[in-house]
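Comments concern the structure below.
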Amino acid sequence: MTAMEPIPLVRASLGQQELAAVAEVFASGWPAGQGPRGKALEAQLVKRYGAGDAVAMCNAGAALHVSLLALGVKPGDEVIVADYGFPAPAHAVRYLDAVPVCADVRADTGTVDPQAVADLITARTVGIIAVDTVGIPADYVELQAIADRHGLFVVEDAACAVGATYQGREAGSLAEVGVLSFHGRKGATSGEGGALLAADPKIGADARLRSSFGIGSIFDMGKVVGLPIPEFTRIGHNYKLSDIAAAILQVQLERIDELLARRDAVAVQYSELLADEELLTVPYVPDDRTHAWQTYMVKLDPRVDRAAVATELRAQGIGCGHGTFATHIQPVFESKHTCPVSAELVQRHLAIPMHAELDADQVERVVDALRTAVRTHAAPTPSPGGAA
Ligand SMILES: *Cc1c(COP(=O)(O)O)cnc(C)c1O
């Protein structure tokens, strides 16, 4: 057998166009944040999302932190967070000495279960952070109705979901505040990067100040006549995105349809080829939404030894992973209650290669290897309760 090319789990699609954009920034002499490129990126985001304002930031974790500050979260407040996903929302709540309350998720989509959210509301609850889990939007109509009934805010963590849609609307614009990530493992990237989208321009303006030491753009100050001393009006963080990263993102956002079409084709091929495999379930996407496919996760039958499957795939050079996280079982977020669905998904999901540069032959190779591995590593009899 000939040695096979490795097939990585993830791969960023960055090329000559992005390099050319970086070269322009170098030539301009302004590589720092909130310069011409950052402003142009923010304008591009406002237009794409129909947002009241968009603030470019260094990552989505920072954008979540600033969104909670701008929404007025206080120490001791409870914020309900979707349990299943990268636990950045729970971290953000803790930055403010507030209490993250983990809500369980839907078994079919992995997104937060609106009924679980409703059941967790107390007199101290101030808001909800929903997650578009690995790229699939949550149930915003139901979540917003619950929020409106109780006077809560909703933040959409769309870190993985650039390009996804829900009832024809763009993920990232499905709540009063939305957060995007441009980390290297997401569908559009500048290595590290993020953005906050706000329906209300006042929230956007406040977030911009809080993400730049509580003061306006240094680039703009260079143009002010009369040299007034600028004023710090907030205690702020330094969460700015460099103009180098902003230039890369301007290109990536123009390419998002092309990149997403490729991911979509990979997902369709996986789901078709694996549909008949009894030892796993392919992702479910409800008719009213589209997936950004930050990750493609299959759910393994309880009979399958996931660790053995992963070892076997990796031995063949095929990248794989556990998928994402169940927040409430992480030691730092000791939880009063359990989220059984999320706890089960985190044991049974397996992420397989997903990026915009996979070709059809590679997808077939992954499918063949996965099929063989799950059949080799399945216990002969169903465990009590059987297959889901
Ligand atoms: C990746 C991710 C984040 C963090 O994004 P950064 O830009 O790396 O800070 C936040 N939330 C979710 C759901 C994510 O998947």
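The values are calculated or read from the model by the stated rules, or taken from the named source; none is laboratory data. It should be emphasised that the depicted structure is a prediction, and the values quoted were computed from it without experimental measurement. Ideal geometry is used to build each Cβ from the backbone, glycine not excepted, and the neighbour counts take in all protein chains shown. Each accessible area value is taken on the protein alone, full model and side chains, heavy atoms only, with ligands, DNA and RNA left out. Shrake-Rupley method; radii C 1.70, N 1.55, O 1.52, S 1.80 Å.
Side notes on the structure shown:
- Here Met4 and Ala275 are evaluated by their C-beta separation; at R0 = 35 Å the FRET efficiency comes out at 0.90.
- Averaging Cα coordinates gives a centre for segment 254-278 and one for segment 308-378; these two points are 17 Å apart.
- Counted charge near Val154, where neighbours are those whose Cβ lies closer than 10 Å (Asp, Glu -1; Lys, Arg +1): -3
- Residues in segment 349-364 that a label on Ala308 would reach, taking backbone N under 12 Å of a point 7 Å out along Cα→Cβ: none
- Point-charge dipole on Cβ atoms (K/R +1, D/E -1) for the chain, about Cα centre, debye to 20: 940 debye
- Compactness index (Cα Rg / 2.2 N^0.38 Å), segment 31-161: 1.08
- Added length on full extension, which subtracts the Cα-Cα distance from 0.36 nm per residue, Leu227 to Ala20: 71.0 nm
- Beyond 30 Å, the tail of the calculated P(r) for the chain holds 42 percent of the Cα pairs.
- Cross-link table Lys39/Lys202; Lys39/Lys74; Lys47/Lys223; Lys74/Lys186, entries beyond 23 Å C-alpha to C-alpha: Lys39/Lys74; Lys47/Lys223; Lys74/Lys186
- For the chain, the per residue solvent-accessible surface stands at 43 Å², with DNA, RNA and ligands left out and a 1.4 Å probe.
- Measuring r between the beta carbons of Ile256 and Gln167 and using R0 = 22 Å, the FRET efficiency lands at 0.70.
- Between segment 44-62 and segment 75-90, the Cα center-to-center distance that results, in Å: 21 Å
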